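Worksheet for the structure shown next.
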Amino acid sequence: MGGGDRAWGRACAAESPAMRPRLLLLTPPVLLLAAFAASAGELHTLWTLGQRDGSNAEFALAPRGYASFREDGFHVVGRSDPSRDWPYVHPGPGDAWAGTRNHTFTLVFGLQRAGGEGECRLRVDLLDAHAGAPPRLTLRVNGESYEQRVAPGAGDASVQGDPTRGRPQTLEFTFPSRLLVAGDNQLQLVTSAGSWMLYDAVSLQAPGEITLAPAVARTLVDGIESVRALRQEGEKFTQSVRVSVRHFGEPATATVRVEGAEPVSIPLPGGAASVDVTLPAVEARTERQVAVEVPGQPPVVRRVVLQPVRRMTVYILPHSHTDIGYTEIQTAIETKQVENLRKGMEYARRTADYPPGARFIWNVEVLWAADLFLRRRPETEKREFLEAVRRGQVVLNGMYLNELTGLCRTEELVRLFEHATELAQETGVPIDSAMISDVPGYTWGTVTAMHHAGIRYFSTAPNYFDRIGDILQRWENKPFWWIGPSGREKVLVWIPFKGYAMSHVYRELSPGFVNEYQEQLERTGYPFDIAYMRWSGHGDNAEPDPAICEFVRDWNTRYAWPRFIIAGTGEAFRAFEARYGDQLPEVRGDWTPYWEDGAGSSAFETALNRASSDRVTQAEALHALRPPSQYPAAGFREAWNHVLLYSEHTWGAWCSVSDPEAQATREQWEIKRSYALEADRRSRELLQAVAPPPAATPGGMELEVINSLSWPRGGLVSLPAGVSPGADRVEDARGRGVPSQRLGDGSLVF
């Protein structure tokens, strides 16, 4: 044995000093069983999962693979390998990355005899837990439940790969020995509230007369649920009941009997298995009895509820949420989003022969990515991009960036959609929709700006959980017409279920997801038979996920309803408007945003950028008075792009608050700051190019005063002392005197 095993043996000897434990080392080496000849009533360690050593290296996904979590832990003492079947992290229903649901980790072990009198103790050693929302942990012992609250942990560093930065704690559950039976027993640890916890070890102590036996071949029923989908057979529709089991031991065969259907057999070679049993479709809530029979075991009998299936069409919008910074430095995001667009085009070509609705379509969330692509890629790829847009394989959405609209001047809102009108002209494909992600709330003038750019549909998808107020409670899956300030403009606004983070929560499309999705729509009283969801990959700035094409193809081949269609934003919204547009409420007013508070942390640069916006607007008006051939269109575009990039919603790195001096924090801020500095420089150059200094004349000097606004105005003009030396008299073009005054600082005001 290694040093860790010897230390474990000493610990057991200390618990029972009169006896010398006999240790049996099994595969895997981290699972140790102890059989004691202890006196009745004296507790000894029956089994231990893992090692109490401050490390989680022996568990699956350790030390930082929480984002790859797929299945709850299921461990058979003496048979299983925790490095494969027991994740180091036990999520809670508060964890979107693990499905936002309860998680049940199961331990199965055999006993030579029933528990009898006395008490047993399950010890759960944890390395850490979520600092703000630690889980509520329920222990089920052969069906009997016990509950404890886990104490708050130290933070996220432990779950992200450094368990030494956690806050260890130990939970002990005491329960009557009589709950244990001869043969196989089952302990389940369930996180019924809160977020994650991290395992160090789990061990069971029992009275001395209780001894282990090998777990016998057994089949455990994991789940019995109705599949909320309709299959069409001629003119008839059917539904299914799915039975999922786990089997260990020698191969066997199970028989599944569902009331109202023919029996179905399931081969059980070992591990997880499932089968669908077909039944006639129901028109109302209906219960059916289900029995799972395995030779040598008592049958498992349960009841399942069949719900009527709505004949619904669900549009899936693939895209990548664009965060310019935060997770990585901005330059890396630029490269990543250009590559995402290239991959989206590739997947669209690869699936072009799939059935309609299952072909990949890439929604360019914001046109910044398309702009970069057209600037950086070779001419051949640029032509491919434009053709992909014309074929509908790439769909362009009208916003240039995920902008904090509350920071924008009126002209900035207009410029936010300028690129859309230009690309629509170049491709010949109208852009009638816009996406925005993460940002909760948008100024009222955004409606006017969208309307004038030809945008009729607004897919808004706020952050799912962080500083979003009540935007999802009030507006999630409650589409409405947003009427502009004049009363003449309107856009159809629709927040999908889970905002833009659907794929962050569910990770993959599956029959289980389809059930949960329909249940959510029912719980919230969703009244329509058309819905849509965002699919933004697995994280911010994520790559396209072509796996959805296989799911949609296979699902639509097998089931008639619900039906899934991979689409662009406009296609989904047009279908919805055609069917339900005249039933939607109209809403007026400012959808007041509040993520703009981040700009207060950089007040100097924010003021600089606002001045740049005014200056570029003024320079444009002045340049418009000159011959069109002299208009520096490219220069204005670059200036506006930098103004908009500063007002883009990503404010700081992911670690800016926790580690403001970190390299990532400093590097990202320098680039963010550079947007404002570059906008300032370019705006001054543009204004200087069209506003030369006053010209000297024999009688003094001449200057031209131009009102750059679109309405009449008056006011003071101030000339600095160095520009206006000499006499104080000012005359207009006709020689008439204009009131003027020399101020104390030498400047001349008229």
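The values are calculated or read from the model by the stated rules, or taken from the named source; none is laboratory data. Model, not experiment: these values are computed from the prediction. Reconstructed Cβ throughout: ideal geometry from the backbone, glycine too, with neighbour counts over all protein chains shown. These area figures cover heavy atoms from the full protein model, side chains too; ligands, DNA and RNA do not enter into them. Shrake-Rupley method; radii C 1.70, N 1.55, O 1.52, S 1.80 Å.
Considering LEU179, LEU171, the condition of being touching a residue at least 40 places away in the same chain (Cβ under 8 Å), open to solvent by less than 20 Å² (accessible area, probe 1.4 Å) and under 25 Å from SER80 (Cα atoms) is satisfied by LEU171 alone.
Of the residues in the stretch 67-87, none is among the β-branched types (Val, Ile, Thr), surrounded by fewer than 20 Cβ atoms within 10 Å (Cβ to Cβ) and either touching a Leu at 6+ places or on another chain (Cβ under 9 Å) or touching a residue at least 12 places away in the same chain (Cβ under 8 Å) (or both). Entry remark, the stretch 683-709: residues being hydroxyl-bearing (Ser, Thr, Tyr), exposed (fewer than 13 other Cβ atoms within 10 Å of the Cβ) and either in contact with a helix residue (DSSP H, G or I) (Cβ under 8 Å, 6 or more places away or on another chain) or in contact (Cβ under 8 Å) with a residue 40 or more places away in the chain (or both) number 0 in total. Of all the residues in the stretch 290-322, those that are modelled with pLDDT of 95 or more, touching an Asp or Glu at 6+ places or on another chain (Cβ under 6 Å) and part of a strand (DSSP E or B) number 0.
Which ones in the stretch 197-217 are open to solvent by 10 Å² or more (accessible area, probe 1.4 Å) and either over 15 Å from VAL76 (Cβ atoms) or modelled with pLDDT of 90 or more (or both)? ASP200, GLN205, GLU209, THR211, LEU212, ALA213 - these are the residues of the stretch 197-217 that are open to solvent by 10 Å² or more (accessible area, probe 1.4 Å) and either over 15 Å from VAL76 (Cβ atoms) or modelled with pLDDT of 90 or more (or both). The criterion of at least 1 residues that are of a type in the set (Val, Ile, Thr) and within 27 Å of ARG246 (Cα to Cα) is met by the following strands (runs of 3 or more DSSP E) wholly inside the stretch 120-194: 136-141, 183-193. Residues that are buried (at least 16 other Cβ atoms within 10 Å of the Cβ), farther than 29 Å from ALA461 by Cα and either under 20 Å from the mean Cα position of the chain (by Cα) or charged (D, E, K, R) (or both) within the stretch 296-338 are absent altogether. From the set of residues in the stretch 622-649 that are under 21 Å from GLU418 (Cβ atoms) and in a loop (DSSP other than H, G, I, E, B), which is least open to solvent (accessible area, probe 1.4 Å)? Filtering first and then ranking leaves HIS649.
Apart from one condition, ARG376 fits all of (1) on the phi > 0 side of the Ramachandran plot; (2) open to solvent by 30 Å² or more (accessible area, probe 1.4 Å); the exception is (1). Note on the stretch 280-291: residues that are surrounded by 12 or more Cβ atoms within 10 Å (Cβ to Cβ), within 13 Å of GLU225 (Cα to Cα) and not hydroxyl-bearing (Ser, Thr, Tyr) amount to 4.
Scanning the stretch 444-457 for residues that are assigned to a loop (DSSP other than H, G, I, E, B) and touching a Phe, Trp or Tyr at 6+ places or on another chain (Cβ under 6 Å) turns up just one, ALA453.
Taking the conditions (1) under 30 Å from ARG178 (Cβ atoms); (2) among the polar types (S, T, N, Q); (3) in contact with a Gly (Cβ under 9 Å, 6 or more places away or on another chain); (4) modelled with pLDDT under 90 in turn, THR100 satisfies each one other than (1). Scanning the stretch 223-245 turns up no residue that is surrounded by 17 or more Cβ atoms within 10 Å (Cβ to Cβ), of a type outside the set (Asp, Glu) and assigned to a loop (DSSP other than H, G, I, E, B). Can we say ILE483 is at negative phi and in contact with a Pro (Cβ under 9 Å, 6 or more places away or on another chain)? Answer is no for this residue. Could you grab me the full set of residues in the stretch 680-739 that are of a type in the set (Val, Ile, Thr) and at pLDDT 85 or above? Hits for the stretch 680-739 are VAL690, VAL705, ILE706, VAL717, VAL730, VAL738.
Number of residues in the stretch 93-109 that are touching a Ser or Thr at 6+ places or on another chain (Cβ under 6 Å) and within 12 Å of TYR66 (Cα to Cα) equals 1. Which pairs turn up if I take residues in the stretch 657-682 that are within 20 Å of HIS642 (Cβ to Cβ) and look for partners that are surrounded by fewer than 16 Cβ atoms within 10 Å (Cβ to Cβ) with beta carbon separation below 7 Å, at least 6 apart in sequence or on another chain? Close Cβ pairs (under 7 Å, with a partner that is surrounded by fewer than 16 Cβ atoms within 10 Å (Cβ to Cβ)) amount to ARG682/GLU638. Counting the residues of the stretch 697-750 that are in a loop (DSSP other than H, G, I, E, B) and touching a Lys or Arg at 6+ places or on another chain (Cβ under 8 Å) gives 3.
Selection of the stretch 497-542 for residues being of a type in the set (Lys, Arg), on the phi < 0 side of the Ramachandran plot and under 10 Å from the mean Cα position of the chain (by Cα) yields only ARG534. In the stretch 654-670, of all residues being surrounded by 15 or more Cβ atoms within 10 Å (Cβ to Cβ) and closer than 22 Å to GLY406 by Cβ, the one that is modelled with the lowest pLDDT corresponds to SER656. Considered as a group, the residues in the stretch 523-541 that are touching a residue at least 60 places away in the same chain (Cβ under 8 Å), open to solvent by 10 Å² or more (accessible area, probe 1.4 Å) and out of contact with any Phe, Trp or Tyr (no Cβ under 6 Å at 6 or more places or on another chain) include one that is nearest to PHE573 (Cα to Cα), and that residue is ASP529. Considering the stretch 568-605, and only residues there that are in a loop (DSSP other than H, G, I, E, B) and in contact with a Gly (Cβ under 8 Å, 6 or more places away or on another chain), the residue that is least open to solvent (accessible area, probe 1.4 Å) turns out to be GLY568. Among residues of the stretch 255-267 being within 39 Å of the chain's Cα centre (by Cα) and open to solvent by less than 30 Å² (accessible area, probe 1.4 Å), the one that is farthest from SER240 (Cα to Cα) is ILE266. Residues of the stretch 458-498 that are free of Cβ contacts under 8 Å to residues at least 12 places away in the same chain and in a helix (DSSP H, G or I): GLN473, ARG474.
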